[in-house]
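Q: Attaching a single structure in structure tokens format; questions to follow.
Values quoted throughout were computed directly from the atomic coordinates according to the rules given, and no laboratory measurement underlies them. All of these numbers come straight from a predicted model, not from anything done at the bench. In this analysis, Cβ positions are derived from the backbone assuming ideal geometry, glycine residues included, and neighbour counts consider all displayed protein chains.
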Protein chains: 2
Amino acid sequence: MSLNIQYTIGQVAEKSNLSIHTLRYYEKEGILPFIKRNESGIRIYEDEHIEWLKFICCLRDTGMSISQLKEFVELTVQGDATIEERIQMLELQKKTVQDQVNTLMSYIGMIDFKIDRYSKEKAGIKSTGQPE
Amino acid sequence: MSLNIQYTIGQVAEKSNLSIHTLRYYEKEGILPFIKRNESGIRIYEDEHIEWLKFICCLRDTGMSISQLKEFVELTVQGDATIEERIQMLELQKKTVQDQVNTLMSYIGMIDFKIDRYSKEKAGIKSTGQPE
DNA sequence: ATAGTCCCTAGAGCAAGATCTAAGTCAAGT
DNA sequence: ACTTGACTTAGATCTTGCTCTAGGGACTAT
């Protein structure tokens, strides 16, 4: 429990696959409002921040915008009173992701169909000169 | 077969959920190089172009860039000789989409986990004041 | 004490993908 | 004849999400 490893921004950048620039940018945009500094003003990250970043990336990669992320973070900072609202947001986001998955699956079907068409064409069936 | 319905750009915009601007933009970028014009210079779209647009959107929505799309269209225009290469591209894109799906599924897991955590917290278990 | 390396800020710059503007053409309807 | 509305162009502008620059501070090793 007292094992509280701390990281500099460079180390976090490596761990999180985000650039140093991006980490500072996210902080400026209010997505990481809880990073402490040492006496010299250097950012000190802890494990929980890395975890948080992973989750942020999850939301971002599923299409949440920076400003929506900021909103979500603001709710989090406000504490218990906003838990219900946050659950709602996440439920909605989950639904969005499920829709994305369904859409992508249908796209796989379309690509397969086209591959099939090309394969037959390759086998010498036809050529219209038109895209198809 | 002689039922060859034609459309103006406005009609296509409605049918395809792309804006008129975007349709012209795509044409300028070489993604729709086969649209004929009438005597007045008005673009005439046909059903096959609408189909093609749907496929273009599929590739675009799965992360293919405008310039990659252009490349793909150029291969298509070149005809039979490029079929194998096009199949390769589509196979690769298909793999990309499958990876996307897998990633999204894991994200759903993360979101679920967080929802679960919030739900427990709501039930009165704890509150750290930290994002979690 | 000098170099090297990491950190800091504020703000500029960039790329992609649209999206819009200005100025104009064209055809149909009244 | 004239309005309406959909179309045309070239090119400017916008948005998002970074990404980088300039100028500087702080710590470590030589």
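Q: Give the residues of region A:15-32 that are part of a helix (DSSP H, G or I) and within 14 Å of DNA strand D (Cβ to nearest atom), sorted by residue number.
A: Of the residues in region A:15-32, the ones part of a helix (DSSP H, G or I) are A:15-16, A:20-28.
Hits for region A:15-32 are A:Ser16, A:Ile20, A:His21, A:Thr22, A:Leu23, A:Arg24, A:Tyr25, A:Tyr26, A:Glu27, A:Lys28.
Q: Consider B:Ser65 against the criteria (1) small (Gly, Ala, Ser); (2) out of contact with any helix residue (DSSP H, G or I) (no Cβ under 7 Å at 6 or more places or on another chain); (3) farther than 24 Å from A:Asp112 by Cα: it satisfies all of them except one. Which criterion is unmet?
A: Only one criterion in (1) small (Gly, Ala, Ser); (2) out of contact with any helix residue (DSSP H, G or I) (no Cβ under 7 Å at 6 or more places or on another chain); (3) farther than 24 Å from A:Asp112 by Cα is unmet by B:Ser65, namely (3).
Q: Of the residues A:Ile115, A:Ile44, which is touching a Lys or Arg at 6+ places or on another chain (Cβ under 8 Å) and in contact (Cβ under 8 Å) with a residue 24 or more places away in the chain? Walk me through it before giving the result.
A: Values: A:Ile115 fails: in contact (Cβ under 8 Å) with a residue 24 or more places away in the chain.
A:Ile44 is the lone residue from the list that is touching a Lys or Arg at 6+ places or on another chain (Cβ under 8 Å) and in contact (Cβ under 8 Å) with a residue 24 or more places away in the chain.
Q: A:Leu53 is checked against (1) touching a Ser or Thr at 6+ places or on another chain (Cβ under 6 Å); (2) in a strand (DSSP E or B) and fails just one. What number does that condition carry?
A: (2)
Q: Let me ask you something else. Taking A:Glu51, is it away from DNA strand D (no atom under 11 Å from the Cβ), closer than 21 Å to B:Met110 by Cβ, surrounded by 14 or more Cβ atoms within 10 Å (Cβ to Cβ) and acidic (Asp, Glu)? Full working, then the answer.
A: Numbers: away from DNA strand D (no atom under 11 Å from the Cβ): yes; closer than 21 Å to B:Met110 by Cβ: yes; surrounded by 14 or more Cβ atoms within 10 Å (Cβ to Cβ): no; acidic (Asp, Glu): yes.
So A:Glu51 does not fit the description; no.
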